[in-house]
2 protein chains.
Amino acid sequence: MDLTRLPAAWLRDNCRCAQCRDPRNGQKLFQITDLPTDLAVGEVRAGEAAFEVEWLPDGHRSVYGTRWLASADPAEGDGGGDSGDGRTEAGKQLWCAADLDGRLPEAGWEAYLADPAERIRVLESVQRLGFALLRDVPRTERQVLAVAGTFGHVRETNYGTLFDVRVEADPNNLAFTGAAIAPHTDNPYRDPVPTLQLLHCLTNAAVGGDSGLVDGFAAASLLRAEDPAAFEVLTRTLVPFRFDDARTALRADRPLIEVDALGRIREVRFNNRSIGTLRLSREALDSFYRAYRAFGELLLRAELRLDFRLGPGDCLVFDNTRLLHARTAFAESGERHLQGCYADLDGLASTLAVLRRERPLDELAALFDGAGAEQYLGEDVTQAQHMLQAASLAEAAGAAPALVAAALLHDVGHFHGAVTGADLMAGTDNRHSHTGAEWLARWFGPEVTEPVRLHVAAKRYLCAVEPEYFGRLSEASVHTLRVQGGPMSQSEVRAFEAEAFGAEAVRLRRWDEGAKDVRVSAAADFAHYRPLLAGLLR
Amino acid sequence: MDLTRLPAAWLRDNCRCAQCRDPRNGQKLFQITDLPTDLAVGEVRAGEAAFEVEWLPDGHRSVYGTRWLASADPAEGDGGGDSGDGRTEAGKQLWCAADLDGRLPEAGWEAYLADPAERIRVLESVQRLGFALLRDVPRTERQVLAVAGTFGHVRETNYGTLFDVRVEADPNNLAFTGAAIAPHTDNPYRDPVPTLQLLHCLTNAAVGGDSGLVDGFAAASLLRAEDPAAFEVLTRTLVPFRFDDARTALRADRPLIEVDALGRIREVRFNNRSIGTLRLSREALDSFYRAYRAFGELLLRAELRLDFRLGPGDCLVFDNTRLLHARTAFAESGERHLQGCYADLDGLASTLAVLRRERPLDELAALFDGAGAEQYLGEDVTQAQHMLQAASLAEAAGAAPALVAAALLHDVGHFHGAVTGADLMAGTDNRHSHTGAEWLARWFGPEVTEPVRLHVAAKRYLCAVEPEYFGRLSEASVHTLRVQGGPMSQSEVRAFEAEAFGAEAVRLRRWDEGAKDVRVSAAADFAHYRPLLAGLLR
């Protein structure tokens, strides 16, 4: 790679040395104006995994990993066509009702709380489809705030931290009557608009009062295809949205369809209830009202609208910058009580990203609790006990964190791949050291995966070079040794000794043999190793 | 006015009848798609103050006030060139340090709390200049939340409801060290970004740690003038801002300079600490970094930067979408402790609008407490007592609210105009009934102002038509009657009787004579009449 062809300011702005970035928090410690104006790449030393650059004229040194350079190489850049922060149409799955095929993205409250994978699924739905439905949420007042707290922060407004949606005697909002409400977004008169809304159903015994959702991004994208002039007008016309009551006088002038700097749909505001008086030329008003009506008609198409009914305990979470919500009319005598609150998408996205970052550890934890708790092939300990014992022996021996991790995870290959541990016992090598190493390589570097990959080879090696080693093998291990190829030949021994992580694999193997002790029950559990593993994640 | 020339959908969308708008909350009760597609203005009846329209084809009737039509007439529209919601450069006063001439927009905390006019001044400064400084705010922990509560709602983030800015042992942010921080906006990695920031100084004994502010709108506007290509690039390039710590992974892709649909500067984000890796073509990166540097250099110009020092008890409130803030380095040993929080501009604007809406009542209340509490010219009661007694008599007589208000306010003209009440006593007519009516006409309609305007004429009228009336005048009133022209002539009497509010003025006048009773001390105070007056404000 010819680093001198890269934009110098960009490359230098991405230096990750301790002078340029605070190692404690990753923040840059320099301003763009601190860089020399005649900045240029000087001498470059190419290593196996990194390039070292000496900068002209100031002599600063930066190291760039080849992996980072490959992924960030601006030659591959497409001018911002990626989905970026995921907030525009580029990061969404647009839908009409039929696409969802009657299946709402939903989860039970208990499962959502208990299982990170379930939380990821729900939050991904909100990000990708614009909504998700939590079922069986406790029907207690203010519970909606606890729901918001699982992924973000409540946005307090003039309506309070939460609002009750039920019939009121002297409503300051149409929501607090029994009237039907056409598809709309909330609070367009606010800026910043609340980007998320939650609606938690406490009671719904009313006749009517069903819910509807429309994907505003899908509708806007249809409008762009069918009536590009109308789309253009709606992105260019600032509409004065207003809300007034005794203590409040809000106003925001925003377009009905907001696009980002690249023209991608980013936000929809649609709410005739709060549109004030537009003061434009007659021609501009004619164009706007024509386009506004076209969009309004499109939003009412039956095929766009997803209908369902919120039952007691249901909590709907939806993107208020994208989805329009509606409800059918209901008799004011029928009891219907929702509690709602607002929150923001950025906090939800952060929670989701952190959950994803933690995902490998959750997946491994589940392995230890699930399949790992079953019997270890032909041994008296479970698979999980065996791996925890191996890790414990590694720790006691003062092994480096990577090798402790390798000991902890060395047999995960038994749970992966088409050929199983049972097949191995039946005479077919499942190559579990290889499948395990490959599976772990998504998250860990060679210092963890290589000892895992070589731990079966290490048994064959030790049986070849230490005549008495064979006698230490368990009955099952003697059996599998045959399937795995028996003791190594002399040429195999030489090849093994040339492996970069051969010695580590041998140490791991000895702990492996010792970790089948039914008398040992109090080895640390998986949670003990989480911080160590977190530090080794790529 | 030819109503058929107005855009029909626009005119109908602004119908204010009870079918079209919920009279309880002012929200529109119809969707734009509910209107007939072939909507047209049918028969129009023009009245003195309003036009009534019968719509084709549905026969709906709408009434439009002439005053509203004149102010909203789209022929006067200029395509959105007004300042709209006040959030873009069009609603701001851009500044460089010299413009402020060393005078910070500031107020004492007690005065700010006590005086609505002072609150209006402070909040207007935040809206117009981008900041204000409150002095002598109690130096207690969490007080910054109370400051935010005076105009809006705190925006909770991953930093909590408030954050402490002081040196920390293991900072997750450069702010929590003693390092200098160049001008920047906060949290560009969040979307919506917090639009307001508050910083409350509890202690500042450090050497260094001074504050700086730069008007980012002024800087962006300078860039547009000096280097339009750079300005354009910064409005078009989405920059990935990021923040990561153990529990957080925020990202927002936004331009450094955001313009609205009409191209007006609306938001500035500038913070090199959190700019991630841009993935663009080499050409785009070259253009961006050139423009970014040009903007960065401009932001460092000494003439743009306002320097000051936050002392204990100072609370700075500033617009985080516009102003960049900075601080000089300080010794980590010196004690410096700020508490900050985020809030939003829309809530502040709402509070300001409500305060302005209440302003007339506050101004009148101040009149009753201030000048009104002084001695009433030549009478034994004060001016305020006199007017409160008159209102009380009107109430007791079952007068309409407008006439009670007229009685309450009939003498405010003594406090306004170049010719004073003292001049009147010295022989020059101050025409206080006319100046009072004119002053009140800013807020009240003729049903209030006309009886006020005519209350002196009513005295001259009554003395002409009721021979015994003269005997009821107080000594001072006999004196002023002469200055005011004495009893009316016959032609003056006829003209008076033709006045639309002549009868009301006569009723008012009788209460006026009776409202100089030193024995009456328990008339209701001004606060009693506030709701009545609020209902009469235009």
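The values are calculated or read from the model by the stated rules, or taken from the named source; none is laboratory data. Bear in mind the structure is a predicted one, so any value in this text is a computation, not a measurement. Counting neighbours? That spans all protein chains shown, and the Cβs are built from the backbone with ideal geometry, glycine included. Please note that ligands, DNA and RNA were not included when accessible areas were found on the heavy atoms of the full protein model with its side chains. Shrake-Rupley method; radii C 1.70, N 1.55, O 1.52, S 1.80 Å.
Before moving on, here are some points about what is shown:
- Every residue from segment B:484-530 that is closer than 26 Å to B:Gln389 by Cα, of a type in the set (A, V, I, L, M) and in a helix (DSSP H, G or I): B:Ala503, B:Ala505, B:Val506, B:Leu508, B:Ala527
- Pick from segment B:293-310, criterion open to solvent by less than 20 Å² (accessible area, probe 1.4 Å) and away from chain A (no Cβ under 12 Å), ranking: nearest to B:Val126 (Cα to Cα): B:Leu306
- Spans of strands (runs of 3 or more DSSP E) in segment B:250-341 with at least 1 residues touching a Leu at 6+ places or on another chain (Cβ under 8 Å) and either under 16 Å from B:Leu222 (Cα atoms) or without any contact (Cβ under 8 Å) to a residue 24 or more places away in the chain (or both): B:257-259, B:265-268, B:305-308, B:323-327
- Which listed residue is facing another protein chain (nearest Cβ under 8 Å) and aliphatic (A, V, I, L, M), from B:Ala225, B:Ala252: B:Ala252
- Unmet criterion (only one of (1) in contact with an Asp or Glu (Cβ under 9 Å, 6 or more places away or on another chain); (2) more than 10 Å from chain B (Cβ to nearest Cβ); (3) under 30 Å from B:Asp319 (Cβ atoms); (4) of a type outside the set (Lys, Arg)) for A:Leu198: (1)
- Residues of segment A:32-61 that are open to solvent by less than 40 Å² (accessible area, probe 1.4 Å) and either within 12 Å of chain B (Cβ to nearest Cβ) or modelled with pLDDT under 95 (or both): A:Ile32, A:Thr33, A:Leu35, A:Pro36, A:Leu39, A:Ala50, A:Phe51.
- Condition met for B:Ala114 (in the same structural domain as B:Glu303 (by TED's automatic domain parsing) and in contact (Cβ under 8 Å) with a residue 24 or more places away in the chain): no
- Filter pass, B:Ala349 being modelled with pLDDT of 90 or more, under 25 Å from the mean Cα position of the chain (by Cα) and within 14 Å of another protein chain (Cβ to nearest Cβ): yes
- Selected residue (criterion: most open to solvent (accessible area, probe 1.4 Å)) from residues of segment B:9-22 that are of a type in the set (A, V, I, L, M) and either under 16 Å from B:Trp68 (Cα atoms) or touching a Phe, Trp or Tyr at 6+ places or on another chain (Cβ under 6 Å) (or both): B:Ala9
- Index of the failed condition, B:Asp512 passing every other in (1) open to solvent by 40 Å² or more (accessible area, probe 1.4 Å); (2) at pLDDT 90 or above: (1)
- Condition check for A:Ala422: surrounded by 18 or more Cβ atoms within 10 Å (Cβ to Cβ), aliphatic (A, V, I, L, M) and either assigned by TED's automatic domain parsing to the domain that holds A:His386 or out of contact with any strand residue (DSSP E or B) (no Cβ under 9 Å at 6 or more places or on another chain) (or both): no
- Filtering A:Ser491, A:Ser521 for residues that are open to solvent by 20 Å² or more (accessible area, probe 1.4 Å), modelled with pLDDT of 90 or more and among the hydroxyl-bearing types (Ser, Thr, Tyr) leaves a single hit, A:Ser491.
- The combined condition, being under 30 Å from A:Glu358 (Cβ atoms) and surrounded by fewer than 22 Cβ atoms within 10 Å (Cβ to Cβ), is fulfilled by A:Gly445.
- For segment A:199-222, the set of residues classified as β-branched (Val, Ile, Thr) and open to solvent by 10 Å² or more (accessible area, probe 1.4 Å) consists of A:Thr203, A:Val207, listed by residue number.
- Boolean, B:Phe241 is assigned to a helix (DSSP H, G or I), buried (at least 22 other Cβ atoms within 10 Å of the Cβ) and under 35 Å from the mean Cα position of the chain (by Cα): no
- Among residues of segment A:333-356, those that are within 24 Å of B:Val154 (Cα to Cα) and open to solvent by 20 Å² or more (accessible area, probe 1.4 Å), counted: 2
- Flag for A:His479 being assigned by TED's automatic domain parsing to the domain that holds A:Arg510, without any contact (Cβ under 8 Å) to a residue 24 or more places away in the chain and over 17 Å from A:Ala515 (Cα atoms): no
- Those residues of segment A:255-283 which are at the interface with chain B (Cβ under 8 Å from one of its Cβ atoms), in contact with a Pro (Cβ under 8 Å, 6 or more places away or on another chain) and either modelled with pLDDT of 95 or more or farther than 16 Å from B:Val259 by Cβ (or both), in sequence order: A:Ser274, A:Ile275, A:Thr277, A:Leu278, A:Arg279, A:Leu280, A:Ser281, A:Arg282
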